[in-house]
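K.L.:
There's a structure below that I have some questions on.
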Amino acid sequence: MNAVIFFIFAASTLVGAGGVVLARNPVHSALFLVQTLLSVAVLFLLQDAELLAAVQVIVYAGAIVVLFLFVIMLIGVDRREALTETLRFQRPIAVALGAIVLAEIIFLTGHTWATGAATQSGVPITGSTSSGDLGNNIQRVARVLFTDFLWPFELTALLLVVAVVGSVVLARGSGDRSERSIEEPSSTADSESAS
Amino acid sequence: MIRLFAADPLLTGDIDLTVLLIVIVKTLIIFVMLLVGVMLYIWAMRKVIADMQNRIGPQKAGPFGILQSLADGVKLFFKEQSEPAGSDHRVYLLAPYLSIIPAFLAFAIVPIGGTVSIAGHMTELQLADPAIGVLFLLAMSGIGLYGMMLAGWSSGSKYPLIGSVRASAQMLSYEAALGLAIVGVLVHSGTLSTRAIVNQQAWTGAGSIFTDWYWLPAIGAFVIFLIAALAETNHPPFDLVEAEQELTGGFNTEYTGIRFALFYLAEFMNVITMSAIAVTLFLGGPNGPGLGFVASDSWINTWFMPIFWFFLKLMVLLYATVWVRASLPRMRYDRLMDFSWKVLIESAFLWAMATGAIVVGRNEGWNLWILTPAVALGAFLIYFVLMACVPSDKELEEIR
Amino acid sequence: MTEFYREYLAVAVLIGAALALVGLMLGVGKLIRPVRPQADKYITYEAGSDPVGGWGQSNVRYYVYALLFVIFDVEAVFIFPWAVGLEPLGIFGLVEMVVFILILVLGLVYAWRKGVLRWA
């Protein structure tokens with residue numbers, strides 16, 4: 001049963017991933033990406049990683065792909081993408097990098113420490129628990145995250161602030177002129193919002 | 001896997017045919033309840049608003065016009081479909097599904113009654129009780145957003161696109177506030193499971209309304225939650241999605257007949273679900289006094305009373321939504337976005353931190369009479385420092 | 001069988017039932033509704049006048065809010081396990097989250113001061 005569900009959703013993940021690359025329309029690509037992300041969330045559930053599954057849906061499907069869609073709608077889908085590549089040797093380099101990543105993955109799966117095996121019940125992830133009770137997946141993640149991984153956690157805040165600063169700089173543009181040029185084509189879209 | 005908090009006892013043993021049947025029956029009941037609930041809610045809404053405006057409201061279909069929404073629904077089945085020629089056909093067909101299925105699913109985590117025995121199996125009167133609990137709600141509202149966004153986009157028409165982009169930006173902004181408001185409860189409860197949260201608000205006497213139900217200990221979070229939930233469901237005064245004067249119908253302008261009905265259904269189901277979640281998190285869910293003169297293990301007290309209390313609380317909140325709909329004018333879009341990002345999110349942060357400080361202090365055995373004012377003072381201090389740091393609207397004008 | 005099936009069995013049944021219901025509604029609608037095609041019916045609605053231009057575009061302002069939301073969503077995802085595990089973590093847990101949030105609020109204040117949180 002476990003295997004059946006795994007194979008169904010693994011197939012769905014791969015189909016979605018293929019769709020992302022093959023779809024002509026960027027919005028369809030984004031939707032295939034959502035399919036992949038949701039399927040991966042189910043795979044997380046199969047590993048008893050409930051919190052991770054929820055995060056996968058809330059952050060990736062619920063926020064990041066929505067951001068992609070905003071960008072797609074900002075640019076507009078009418079515009080035909082130029083199929084000539086501006087970067088020379090893009091294709092061979094992409095193939096080479098892909099091969100390296102694949103080799104890495106195959107190498108890592110040979111080592112148990114990188115397989116992402118299911119949390120083993122009864123085996124503490126961290127030594128810093130006072131009671132024998134481990135709690136559910138969420139409580140375990142909380143304990144590990146806020147004790148053993150405290151430093152990376154605080155650094156994440158810094159990383160997020162860097163992201164805020166970056167997005168603010170991007171959105172404001174380098175000056176009034178560039179800003180105007182972004183907003184002008186969409187004047188049909190939003191001149192009414194102040195009513 | 002060790003669980004601190006009980007999952008549904010129905011599903012802890014072996015899963016045989018009876019168990020599966022019980023699950024299916026529960027699913028069907030939830031289904032019928034939601035559909036009939038939407039029907040009655042729309043009717044009640046029209047009746048109450050009519051009353052508030054000195055009108056009569058629906059009165060022809062059935063007694064007191066109670067079948068009016070059913071008649072409207074049946075009519076929509078007979079309507080011709082017209083899809084714009086330039087639409088993105090597949091996405092256009094997909095969008096109603098993406099809107100309505102999450103709306104159904106989100107209700108699954110709502111406890112509508114106590115723990116009862118059906119055919120020899122103990123079970124909780126709620127469809128699912130996953131450990132991620134309320135996160136499930138956020139996940140579903142995240143998926144529901146796609147329905148709106150894609151409906152507007154796939155029509156290939158201008159007004160729907162504006163409506164859908166507006167809707168998604170609004171829902172995103174208020175989802176952030178909604179999530180942070182829920183944290184105000186989670187700090188108290190220490191669990192995400194809706195059933196465990198409800199169990200912590202058990203009825204121990206009239207005093208538990210004020211001490212055990214979370215609406216008072218988490219009053220700030222409660223207020224933020226209610227406002228954010230209204231905005232999240234595109235309910236007036238936050239219904240800029242379908243601001244008729246500017247956008248005709250918003251994201252569903254190009255949808256007709258039964259597909260339009262699906263969006264409409266999803267919208268009202270979301271209102272019901274959000275109210276039910278508010279009852280669960282803040283108002284004790286199905287907890288309430290049993291009837292003293294019947295045995296505490298009789299069906300009246302185990303089956304009927306919890307369901308009664310749940311629906312009573314739900315109806316109070318739903319009435320409040322209708323009241324708000326009838327009273328408040330629509331907000332302006334800039335104020336709407338400002339309100340979430342400049343007021344609600346900051347307040348929710350402060351509330352979560354202040355609650356955290358009080359909960360930790362209580363566990364450490366500090367004197368709450370000193371701690372609470374100190375925390376409140378600290379929160380106000382941080383708020384004023386924050387407000388001193390940011391420019392006023394007038395100064396912002398100059399920055400641009 | 002692991003816990004997985006038990007917790008999400010009902011969810012799976014509900015998804016199936018919802019799909020069935022929506023399919024049924026659309027199917028019944030398809031059977032009983034009239035189809036009388038006319039080219040004019042399939043023009044997009046633009047307040048009665050003939051539509052101009054192609055697919056619309058959205059505005060860059062929405063994009064900024066979506067980006068900020070991604071950041072605050074990531075941060076909310078950290079707060080949820082924190083709230084659940086706060087009691088065993090105690091003062092230590094409280095302090096680390098206050099530091100985390102203060103750093104993030106700095107980002108929000110920056111965005112605010114630079115005027116991107118203003119809708120104009």
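Values quoted throughout were computed directly from the atomic coordinates according to the rules given, and no laboratory measurement underlies them. Every value quoted in this text rests on a predicted model; they were computed, and no experiment measured them. Cβ: placed from backbone, ideal geometry, glycine included. Neighbour counts: every protein chain shown.
K.L.:
What whole number of Å gives the distance from the Cα centroid of region B:66-133 to the Cα centroid of region B:23-58?
P.N.:
A separation of 14 Å, based on Cα centres.
K.L.:
Using a Gaussian network for chain B with springs between C-alpha atoms less than 10 Å apart, which of these wobbles most: B:ALA181, B:ALA320, B:ALA352?
P.N.:
It is B:ALA320.
K.L.:
If I model a spin label at B:LEU21 and B:VAL74 as a point 7 Å from the Cα along the Cα→Cβ vector, what separation in nanometres do I get?
P.N.:
In this crude label model, B:LEU21 to B:VAL74 measures out at 3.3 nm.
K.L.:
Turning to a different aspect of this structure: For region C:59-120, what is the charge dipole size about the Cα centre, in debye to the nearest 20, if Lys and Arg each add +1 at the Cβ and Asp and Glu each add -1 at the Cβ?
P.N.:
Values: 4 positive and 4 negative charges, 103 e Å.
Rounded to the nearest 20 debye, it is 500 debye.
K.L.:
Another one. By a straight-distance test (C-alpha under 23 Å), which lysines pair with B:LYS47 as possible cross-link partners, with residues fewer than eight away in the same chain excluded?
P.N.:
B:LYS60, B:LYS75, B:LYS313
K.L.:
Between region B:347-390 and region B:263-285, how many Å separate their Cα centres?
P.N.:
After rounding, the separation between the Cα centres reads 30 Å.
K.L.:
Determine the shape class of chain C: with a ≥ b ≥ c the square roots of the Cα gyration tensor eigenvalues, call it rounded for a/c under 1.5, and otherwise prolate if a/b is greater than b/c, oblate otherwise. Show your work: numbers first, answer last.
P.N.:
Working: a/c = 5.91, a/b = 1.39, b/c = 4.26.
Oblate shape, in that a/c is at least 1.5 and b/c is the bigger or equal ratio.
K.L.:
Select from B:ILE197, B:MET122, B:LEU137 the residue farthest towards the positive end of the dipole of region B:98-244; place +1 on Cβ of Lys and Arg, -1 on Cβ of Asp and Glu, and compute about the Cα centre.
P.N.:
Final value for the positive-end residue is B:LEU137.
K.L.:
Near the amide H of B:THR248, under 5 Å away, which other amide H atoms are found, from residues 5 or more places off or on another chain, if H is placed in the peptide plane?
P.N.:
The answer is none.
K.L.:
Another question about this same structure. Which residues make up the longest stretch of chain B that has no chymotrypsin sites (Phe, Trp or Tyr not before Pro) in a DSSP loop with at most 12 other Cβ atoms within 10 Å? It would help to have the intermediate numbers written out before the result.
P.N.:
Numbers: sites that count: B:PHE78, B:PHE293.
Formally, the longest exposed-site-free interval is B:79-292.
K.L.:
Let me ask you something else. Let me make sure I get this right: for the protein assembly as shown, a, b and c are the square roots of the gyration tensor eigenvalues over alpha carbons, sorted descending. Under 1.5 in a/c it's rounded, otherwise prolate if a/b > b/c, else oblate. Which is it?
P.N.:
Numbers: a/c = 1.26, a/b = 1.09, b/c = 1.16.
Cα axes put the protein assembly as shown in the rounded bin.
K.L.:
Okay, next question. Around B:PRO58, with a cut-off of 15 angstrom between Cβ atoms, what is the net charge of the other residues, counting Lys and Arg +1 and Asp and Glu -1? Present the calculation step by step, with values, prior to reporting the outcome.
P.N.:
Working: positive: B:ARG46, B:LYS47, B:ARG55, B:LYS60, B:LYS75; negative: B:ASP51, B:ASP72.
Residues close to B:PRO58 contribute a combined charge of +3.
K.L.:
Go ahead and set up a Gaussian network model of chain C, Cα springs under 10 Å, then flag whichever of C:ILE101, C:ILE91, C:ILE32 fluctuates most.
P.N.:
C:ILE32
K.L.:
Between beta-carbons, use under 15 Å as the cut-off and find the net charge around A:GLN56, counting Lys and Arg +1, Asp and Glu -1.
P.N.:
Values: positive: none; negative: A:ASP48, A:GLU50, C:ASP73.
That works out to -3.
K.L.:
Still on this structure, please answer the following. At what distance in angstrom do the alpha carbon centres of region B:170-190 and region B:208-238 lie from each other?
P.N.:
Here the two parts' Cα centres lie 10 Å apart.
K.L.:
Tell me, in nm to one decimal, what length is gained between A:ASN25 and A:THR86 on full extension, where the rule is 0.36 nm per residue of separation less the Cα-Cα distance?
P.N.:
On the way: separation 61, 0.36 × 61 = 21.96 nm, distance 2.03 nm.
Gain in length upon complete extension: 19.9 nm.
K.L.:
Further, regarding this structure: Between C:ALA18, C:ALA66, C:ALA76, which gets the highest mean-square fluctuation from a Gaussian network model of chain C, Cα cutoff 10 Å?
P.N.:
Of C:ALA18, C:ALA66, C:ALA76, the Gaussian network model singles out C:ALA18 as fluctuating most.
K.L.:
Where a ≥ b ≥ c are the square roots of the eigenvalues of the C-alpha gyration tensor, would you call region B:288-371 rounded, which needs a/c under 1.5, or, failing that, prolate if a/b is larger than b/c, or oblate?
P.N.:
oblate
K.L.:
Would you please name the trypsin sites (Lys or Arg not before Pro) within region B:15-78 that are DSSP coil residues with at most 16 other C-beta atoms within 10 Å of their C-beta?
P.N.:
Numbers: sites: B:LYS26, B:ARG46, B:LYS47, B:ARG55, B:LYS60, B:LYS75; in loops: B:ARG55, B:LYS60.
Listed in order of number, the matching sites are B:ARG55, B:LYS60.
K.L.:
Taking the Cα atoms only, what angle lies between the long axis of helix C:60-84 and the longest principal axis of chain C, rounded to 10 degrees?
P.N.:
Its long axis makes an angle of about 50 degrees.
K.L.:
Got a sec? Charge dipole of chain B, +1 on Cβ for Lys and Arg, -1 for Asp and Glu; which of B:LEU70, B:PHE107, B:LEU20 is way out at the positive end?
P.N.:
With unit charges placed on the Cβ atoms, the residue in question is B:LEU70.
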